[in-house]
Amino acid sequence: MEILSEHVSYLSEGRPIEVVLEGGPDDLPRAFRTGRSTLTSKKLKIQHRDGYEHFELVNDSADITTAIFRWTMRTKIAE
């Protein structure tokens, strides 16, 4: 499994902040649900099974300490 980010916006300015994922498939590993990251994106794409789970940042502010991402959709990997 791999986390891919897109739409760079440098949200955390290099400081590790708490990242929380909401929604998505029930079998998405717990390790991806919470953690710390030097967040640089408003959108995350996580490879899971035979596709990607897409999440978008829901709390966008300058003084963000916990980044909450909500599941938006799933796409299949092209063969």
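Here, each number is a calculation from the coordinates, and none is a lab measurement. Bear in mind the structure is a predicted one, so any value in this text is a computation, not a measurement.
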Theoretical gain in end-to-end length, THR72 to ASN59 [0.36 nm per residue, Cα-Cα removed]: 3.2 nm
Stretchable slack from ALA31 to ILE17, in nm (0.36 nm times residue separation minus alpha-carbon distance): 3.5 nm
